[in-house]
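Below is one structure, written out as structure tokens; the observations come after it.
The values are calculated or read from the model by the stated rules, or taken from the named source; none is laboratory data. The shown structure was predicted, so the numbers you read here are calculated from the model rather than taken from an experiment. Note that we place each Cβ from the backbone using ideal geometry, even for glycine, and neighbour counts take in every protein chain shown.
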Amino acid sequence: MRNPKILFMKKSLTPISIAFFLLLTSCVFAAPPREFYELRTYRFKTNEQEQRTENYLQKALLPALHRANIKHVGVFKPVETDSTFGKKLIVLIPFHSLDEFVKLDGVLDKDKQYYADGKEYIDAPYNNPPYARIEKTILKAFSGMPNLAVPDLKGPVTERVYELRSYEGHTEKSIAIKYKCLMPVMK
């Protein structure tokens with residue numbers, strides 16, 4: 001007579017049950033979803049453009065992003081010794097998903113306070129723009145660091161220095177080797 005426990009095990013380990021088990025364990029032990037980031041680089045020809053854009057960010061865009069539950073937005077300026085000081089401003093906006101990024105313009109369109117507070121910037125005439133150029137880049141977080149981490153710094157905000165790095169290589173594989181968490185190294 002066959003052992004009923006062994007028979008049960010043989011019947012229960014079907015390909016479907018194995019696939020279900022693997023799916024279940026991958027959901028339980030999966031890495032957190034990777035965030036996306038919009039990196040906006042504003043370039044200026046005049047100090048007046050820089051002031052108008054800073055005013056817009058402080059009084060209109062950042063409060064609107066906070067109302068949209070987008071926290072930890074970073075605004076960065078070059079240090080005074082940098083050749084781009086006064087000519088560039090960088091804004092980092094984190095998103096939990098690509099869908100959240102895509103829907104941001106619609107969210108801002110419905111925010112009446114945003115339009116009221118940013119009217120001078122938003123409705124700037126073509127012959128008096130608030131910046132010389134704006135560049136927008138969408139980035140995906142590294143798998144090794146899937147979420148933005150706000151540094152635990154104690155010094156004054158005005159004395160903090162951050163470095164934005166970019167990596168170059170002759171192939172995707174050579175870039176991946178440099179920081180090992182962007183994509184798996186091809187063999």
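For this structure, a couple of remarks:
- Number of the exception - residue 84 against (1) at pLDDT 95 or above; (2) touching a Pro at 6+ places or on another chain (Cβ under 8 Å): (1)
- Considering residues of segment 124-144 that are under 12 Å from the mean Cα position of the chain (by Cα) and not basic (Lys, Arg) only, the residue farthest from residue 51 (Cα to Cα): 142
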